[in-house]
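K.L.:
I'd like to ask you about the structure that follows.
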Amino acid sequence: MKSNLDRRTLLRSAGVAISLPLLQCMHHRNEARAQQSAQGAGDPTQVRRLLAINAPLGLHTPHLFPAQAGREYEVTPYLEPLQPLREKFTIISGLMHPDVDGGHTAENSFLTGAAHPGQPSFQNTISVDQLAAEQLGHLTRYPSLVLSANNSSLSYTRSGVQIPSQKRPSRLFADLFLEGNETEKAAKMRRIEDGQSVMDLVREQTRRLTRVAGKEDNRTLDQYLTSVRELEQRLVQSAQWAKHPKPDVDYQPPTDIDERENFSGRMRLMYDMIFLALQTDSTRLITFQGAGGHEVVQLEGVDDGWHNLSHHGRDPEKLEMLTIIEKEEMRLFAELLQKLDSVEEGEHRLLDQTAVLMGSNLGNASSHSNANLPIIAAGGHFQHGQHLKFEPQDSPPLCNLLVDYLQFLGLETDRFSSATGTLTGLLRSHSAS
């Protein structure tokens with residue numbers, strides 16, 4: 001039996017792309033209720049958000065982690081820009097993902113905790129943002145935003161399929177805030193309807209394949225059909241939200257910065273988009289893969305490629321230049337937190353209503369170590385203002401922190417991936433109730 005469907009089939013709709021998996025024989029959720037208001041239940045104190053940011057080339061932890069634990073820690077060079085918000089964040093040392101190795105490939109598991117991402121047989125699992133989106137995504141125009149400063153992505157569906165990221169602020173701004181004319185609106189609805197029709201065809205033809213496929217292929221096809229169902233839900237939600245006006249913002253449509261060397265400009269522009277998306281409640285779940293490549297960034301005192309500097313081998317000259325870059329990373333991150341903290345939302349601040357994770361899948365980029373990850377937790381109504389220090393022999397999973405974040409969002413769970421519970425020492429404040 002020959003099918004008309006082959007691996008070149010590519011579905012593109014609502015910002016998601018997926019192709020048919022390679023098969024040996026080829027040689028759930030409720031319907032989204034997007035018509036609800038963008039404020040969910042209407043009570044701003046109940047609106048909870050998640051923002052996860054990854055620094056793909058790591059952070060030099062001797063400049064990040066204080067020597068002492070507790071609230072009386074001495075400020076390190078990388079924590080200086082964050083001190084105006086000292087009581088709104090916690091620096092955490094000693095965390096790791098059990099069995100997550102492979103150096104740079106560990107970024108695939110940063111928000112999933114899936115083991116051995118560097119192995120050829122690696123199969124990823126759902127990322128924490130997408131798990132939350134399954135229950136909360138219908139409350140906003142966009143169930144989640146998957147963003148990057150390059151072509152990578154931190155977000156994965158339940159079947160382990162990577163969700164393509166948006167890296168152009170101009171397109172993101174248009175999606176969030178520009179209505180378009182009637183012709184453009186009609187064209188968008190046709191694309192959504194066409195996408196639904198394509199998926200009907202793909203679903204039917206893929207099911208026909210199961211009649212001739214072997215056991216292993218049927219397992220792969222089942223994962224694929226799960227992804228198709230996830231896409232169908234996104235299309236339904238897109239069609240419903242397309243009928244509702246977008247929010248107005250006092251911000252000019254941005255011009256993309258294509259020069260990777262302009263690290264500061266590119267990061268600040270994307271952080272502006274993240275801030276606007278959260279402020280307008282266009283989404284409550286955002287992941288962002290930050291900048292970091294082979295480029296020589298435009299910062300005074302830097303004349304070597306960023307990736308090469310991250311593999312410093314303790315060379316003093318390389319470390320000096322790397323420190324310049326990473327201080328700028330922290331300064332830009334501090335700017336974002338300060339903007340979030342400047343917005344009142346009911347009795348709280350937008351930062352209080354947003355659980356923020358800033359860190360990296362690399363504990364030591366120079367040696368490609370995935371242990372002792374640099375992690376900053378901010379916002380989320382936690383009791384901050386401290387350094388949580390865990391010893392290597394008693395290193396808890398990073399997923400314990402992610403369970404804390406899921407609970408903050410209102411999900412009743414004490415498990416996620418490798419988590420053994422919540423993170424010891426990170427307590428919720430009384431205002432979180």
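The values are calculated or read from the model by the stated rules, or taken from the named source; none is laboratory data. Keep in mind it's a predicted model, so treat the numbers as computed, not measured. Note that each Cβ is placed from the backbone with ideal geometry, even for glycine, and that neighbours are counted across all protein chains shown.
K.L.:
Among the residues that make up the range 338-352, is at least one of them assigned by TED's automatic domain parsing to the domain that holds Phe275, closer than 19 Å to Leu402 by Cα and not hydrophobic (A, V, I, L, M, F, W, C)? Break it down into steps so the answer makes sense when it comes.
P.N.:
Just the residues of the range 338-352 that are assigned by TED's automatic domain parsing to the domain that holds Phe275, to begin with: 338-352.
When the remaining residues are screened for being closer than 19 Å to Leu402 by Cα, the result is 351-352.
Subset that is not hydrophobic (A, V, I, L, M, F, W, C): 352.
Checking the range 338-352: at least one residue is assigned by TED's automatic domain parsing to the domain that holds Phe275, closer than 19 Å to Leu402 by Cα and not hydrophobic (A, V, I, L, M, F, W, C).
K.L.:
Return the pairs, sorted by first residue and then second, in which the second residue is of a type in the set (S, T, N, Q), the first residue lies in the range 247-268 and is surrounded by 12 or more Cβ atoms within 10 Å (Cβ to Cβ), the beta carbons are less than 6 Å apart, and the residues are 6+ apart or on different chains.
P.N.:
From the range 247-268, the pairs are Pro247/Thr280; Pro254/Ser170; Asp256/Ser170; Glu261/Gln298; Asn262/Gln298.
K.L.:
For Lys389, indicate whether it is among the basic types (Lys, Arg), within 17 Å of Thr61 (Cβ to Cβ), in contact with a helix residue (DSSP H, G or I) (Cβ under 7 Å, 6 or more places away or on another chain) and surrounded by fewer than 24 Cβ atoms within 10 Å (Cβ to Cβ).
P.N.:
On the way: among the basic types (Lys, Arg): yes; within 17 Å of Thr61 (Cβ to Cβ): yes; in contact with a helix residue (DSSP H, G or I) (Cβ under 7 Å, 6 or more places away or on another chain): no; surrounded by fewer than 24 Cβ atoms within 10 Å (Cβ to Cβ): yes.
Judged against the criteria, Lys389 is not a match.
K.L.:
Could you tell me which numbered condition Leu278 fails, if it satisfies all but one of (1) of a type outside the set (Gly, Ala, Ser); (2) surrounded by fewer than 17 Cβ atoms within 10 Å (Cβ to Cβ); (3) within 24 Å of Arg48 (Cα to Cα)?
P.N.:
Single failed check for Leu278: (2).
K.L.:
Can you run down the residue pairs with Cβ atoms below 9 Å, 6 or more apart or on separate chains, where the first is in the range 313-337 and closer than 14 Å to Glu80 by Cα and the partner is acidic (Asp, Glu)?
P.N.:
Correct list of pairs: Ile324/Glu300; Lys327/Glu80; Met330/Glu80; Arg331/Glu80; Ala334/Glu80.
K.L.:
Check the range 320-327 and report whether any residue there is under 24 Å from Gly103 (Cβ atoms), in contact with a helix residue (DSSP H, G or I) (Cβ under 7 Å, 6 or more places away or on another chain) and acidic (Asp, Glu).
P.N.:
Yes; the residues of the range 320-327 include at least one that is under 24 Å from Gly103 (Cβ atoms), in contact with a helix residue (DSSP H, G or I) (Cβ under 7 Å, 6 or more places away or on another chain) and acidic (Asp, Glu).
K.L.:
Having 2 or more residues that are hydrophobic (A, V, I, L, M, F, W, C) is the bar; report the strands (runs of 3 or more DSSP E) wholly within the range 322-416 that clear it. Show your work before the answer.
P.N.:
Details: elements: 354-359, 373-379, 386-389.
Fully inside the range 322-416 and qualifying: 354-359, 373-379.
K.L.:
Pick out the one residue from Ile163, Ile91 that is within 20 Å of Gly379 (Cβ to Cβ) and of a type outside the set (D, E, K, R).
P.N.:
Ile91
K.L.:
What is the one condition in (1) of a type outside the set (S, T, N, Q); (2) at pLDDT below 95; (3) assigned to a helix (DSSP H, G or I) that Arg266 does not satisfy?
P.N.:
(2)
K.L.:
Take the range 295-321 and flag every residue that is closer than 30 Å to Tyr156 by Cβ, in a loop (DSSP other than H, G, I, E, B) and either at pLDDT below 95 or aliphatic (A, V, I, L, M) (or both).
P.N.:
Hit for the range 295-321 is Val297, nothing else.
K.L.:
Okay, moving on. Within the range 364-374, can you find the residues that are surrounded by fewer than 24 Cβ atoms within 10 Å (Cβ to Cβ) and closer than 17 Å to Thr90 by Cα? Explain how you work it out, then say what you get.
P.N.:
Of all residues in the range 364-374, those surrounded by fewer than 24 Cβ atoms within 10 Å (Cβ to Cβ) come to 364, 366-369, 371-372.
Asn372, the sole residue that qualifies.
K.L.:
State whether the residues of the range 154-161 include one that is at pLDDT 95 or above and within 21 Å of Phe275 (Cα to Cα).
P.N.:
yes
K.L.:
Closer than 15 Å to Leu51 by Cα, crowded, with 17+ Cβ neighbours inside 10 Å and in contact with a Leu (Cβ under 6 Å, 6 or more places away or on another chain): is that true of Val146 in this structure? Steps first, answer last, please.
P.N.:
Values: closer than 15 Å to Leu51 by Cα: yes; crowded, with 17+ Cβ neighbours inside 10 Å: yes; in contact with a Leu (Cβ under 6 Å, 6 or more places away or on another chain): no.
Criteria not met by Val146.
K.L.:
Within the range 315-325, can one find any residue that is in the same structural domain as Glu259 (by TED's automatic domain parsing) and within 21 Å of Pro254 (Cβ to Cβ)?
P.N.:
Filtering the range 315-325 down to residues in the same structural domain as Glu259 (by TED's automatic domain parsing) leaves 315-325.
From the residues that got through so far, the ones that are within 21 Å of Pro254 (Cβ to Cβ) too are none.
The answer is no; no qualifying residue exists.
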